[in-house]
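Peer 1: This is the structure I have questions about; it appears just below.
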Amino acid sequence: MVLHVCFRYLARSPRLFLPTSTRSRSVVFQEEKYPVFRQQRYLSSSLRKMTDSKKLACEAIERENSALRALSLDIWDHPELCFNEKHAHAAVTDFLEQRGFQVERHFKLDTAFRATASSKDTDADTPTIGVMCEYDALPGIGHACGHNLIAIMGVSIALGIKEALEQGGVKGKLVVLGCPAEEGGGGKIDLINAGAYDDMDCAIMGHPSQFNLSRPVYVGMCPMSITYKGKASHASSFPWDGVNALDAAVLCYQNVSCMRQHMRPTWRVHGVITHGGEKPNIIPQRSELLYYTRAPTVEELEELKSKVKDCVEGAAKATGCSVEYKFGANAYAPLLSNDILATLYEKNGQNLGIEFENDPTRLSKQGGSTDMGNVSQILPSIHPKYSINTMVAAHTTDFRDKARTEESHDLTLIHSKAMALAAIDVCNDPPLVAQMQAELKQRQHPSARR
Ligand SMILES: [Zn+2]
Ligand SMILES: [Zn+2]
């Protein structure tokens with residue numbers, strides 16, 4: 001029995017038991033082993049089985065393959081931080097305008113845009129599909145979250161839908177929204193507050209990853225900034241006259257660490273001390289910390305925030321410092337993947353040869369947080385993760401380099417097609433909009449109801 005278990009473990013984890021010199025080979029083996037899509041099946045039979053409008057959508061995306069690749073590389077080569085995505089904003093809006101979209105640059109925010117297209121005939125029941133683009137990078141490590149791929153995925157989905165609306169007899173309206181600052185700035189939250197989502201019936205985007213997950217777990221996230229104020233004094237001559245703000249920061253960090261034992265497994269708190277004093281011979285009079293708190297529901301996030309607040313205040317009391325703290329206005333809500341929309345994406349994806357993840361551990365694996373979570377609380381939405389054939393996580397330089405490869409590009413286009421086809425299904429069946437909204441009403445947080 002014991003032997004049996006060992007062999008099963010060995011079979012699943014071959015690289016753990018290999019000598020160091022062969023480990024890199026085993027990683028390659030693992031990557032190749034992961035089934036991403038059956039290209040042969042896609043090439044040979046998928047297009048033949050499709051309706052004409054879907055076929056037109058796929059062909060429209062494929063026609064722009066090399067231009068989309070150039071756009072992706074251009075964005076990758078010019079990484080820009082949140083709310084400063086000027087190069088990407090210009091590149092994507094120029095691309096869309098050249099292809100017949102009505103483009104509004106600097107829409108509500110300096111680096112946001114809105115691009116629209118529509119079928120000739122529309123009426124009150126005609127669905128409006130929202131498609132999101134992101135294009136911001138990370139400090140120091142560039143496009144390590146692969147938002148160059150997210151940008152062209154939004155453009156590709158839009159190209160496919162537009163062709164079906166204009167040439168395929170499908171009735172629908174399309175809004176492409178360029179969303180700045182996903183990495184911490186919450187651009188979509190500002191856009192929601194400015195009314196940018198008011199005319200959409202659903203919202204679609206995707207994110208590169210290690211796995212094909214149509215309903216990934218994205219938790220809610222709220223940043224918290226903390227400032228302790230004490231009193232400066234000579235650290236050698238008159239230390240008793242000082243009040244040490246660095247001590248307060250250190251105690252706060254330790255209080256939170258002690259509290260961790262009582263956190264639910266799905267909660268996360270991570271923090272850094274961003275200012276701790278000026279010189280060792282001056283008792284620090286000011287210290288600052290920045291924390292991210294995360295939990296899978298709005299209620300649990302509130303509970304966690306309240307516990308962290310106690311840790312922060314306790315450290316002030318113990319050291320005699322005063323404290324000011326604030327929770328970020330642009331907190332990220334947990335992602336609600338609309339089941340109807342996710343199922344349409346899966347079905348169309350499977351027809352294109354995409355194999356979706358079915359390993360329960362990977363299905364429930366907790367990811368990060370996204371401002372698409374806030375969109376998903378007010379509109380039926382999907383934000384699937386899709387594999388770019390790597391076992392490396394995002395926010396690493398390896399993932400950044402993977403996001404530049406031709407393989408990642410090809411996989412992005414396949415998933416873009418699946419999402420464009422799901423949108424065409426919604427346009428062809430307008431009562432689906434009411435059904436998706438009924439599902440949302442049941443699941444959204446009461447504070448998100450409009
Ligand atoms: Zn990221
Ligand atoms: Zn990202």
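Bear in mind these aren't lab numbers, they're just calculated from the coordinates by the rules spelled out. The model shown is predicted, which means the values in this text are computed figures rather than measured ones. Reconstructed Cβ throughout: ideal geometry from the backbone, glycine too, with neighbour counts over all protein chains shown.
Peer 1: May I ask for the angle, rounded to the nearest 10°, between helix 2-12 and the longest principal axis of the chain, with both axes built from Cα atoms and the value confined to 0 to 90°?
Peer 2: With both axes taken from Cα atoms, the answer is about 70 degrees.
Peer 1: In degrees, nearest 10, range 0 to 90: what is the angle between the Cα axis of helix 339-351 and the longest Cα principal axis of the chain?
Peer 2: In the chain, helix 339-351 runs at an angle near 60 degrees to the longest axis.
Peer 1: To the nearest 10 degrees, how steep is helix 245-259 against the longest Cα principal axis of the chain, on a 0 to 90 scale?
Peer 2: 60
Peer 1: Given the chain, what percent of its DSSP beta bridges are antiparallel, to the nearest 5?
Peer 2: Counting only bridges with both partners in the chain, antiparallel ones make up about 70 percent.
Peer 1: Cross-chain or 8 or more residues apart, Cα under 20 Å: how many lysine pairs in the range 220-327 fit that? Count them up, please.
Peer 2: Lysine pairs, 8 or more places apart or on different chains, close enough: 13.
Peer 1: Using just the helices of the chain, give the 222 nm mean residue ellipticity in deg cm²/dmol: DSSP H runs with n ≥ 4 each add -39,500 (n - 2.57), and the total is spread over all residues, rounded to 500.
Peer 2: Calculated from helices alone, the mean residue ellipticity at 222 nm is -13500 deg cm²/dmol.
Peer 1: When 429, 339, 359 are ordered from fewest to most other Cβ atoms inside 10 Å of their Cβ, what list results?
Peer 2: 359, 429, 339
Peer 1: Excluding residue 433 itself, what net charge comes from residues whose Cβ is under 10 Å from its Cβ, given Lys and Arg +1 and Asp and Glu -1? Before the final figure, lay out the partial values.
Peer 2: Numbers: positive: none; negative: 125, 201, 429.
So the environment of residue 433 carries a net charge of -3.
Peer 1: Another question, if that's okay. From the square roots a ≥ b ≥ c of the eigenvalues of the alpha-carbon gyration tensor of the range 220-327, which class results: rounded (a/c under 1.5), prolate (a/b over b/c), or oblate?
Peer 2: prolate
Peer 1: Measure of size requested: the Rg and Dmax of the range 351-450, with Cα atoms as the atom set and Å as the unit; please supply both.
Peer 2: For the range 351-450, the Cα-based Rg and Dmax read 16.3, 45 Å.
Peer 1: List the lysines whose alpha-carbon lies under 20 Å from that of residue 173, not counting same-chain residues fewer than 8 positions away?
Peer 2: Answer for residue 173, where 20 Å is the Cα cut-off: 54, 55, 120, 162, 417, listed by chain and number.
Peer 1: Another question, if that's okay. Can you work out ³J(HN,Hα) from phi for every residue in the range 368-385, in order, using Karplus 6.51 cos²θ - 1.76 cosθ + 1.60 and θ = phi - 60°, giving whole Hz and x for Gly and Pro?
Peer 2: x, 9, 8, 6, 5, x, 5, 5, 5, 7, 10, 9, x, 9, 10, 9, x, 9
Peer 1: Step through the residues of the range 59-74 one at a time and calculate ³J(HN,Hα) from phi using the Karplus curve (6.51 cos²θ - 1.76 cosθ + 1.60, θ = phi - 60°), rounding each to whole Hz and writing x for Gly and Pro.
Peer 2: In residue order, the calculated couplings are 5, 5, 5, 5, 4, 9, 3, 6, 5, 5, 4, 5, 5, 4, 5, 4 Hz.
Peer 1: Net charge within 13 Å of residue 297 by Cβ-Cβ distance, Lys/Arg positive one each and Asp/Glu negative one each, not counting residue 297 itself?
Peer 2: So the surrounding residues net to 0.
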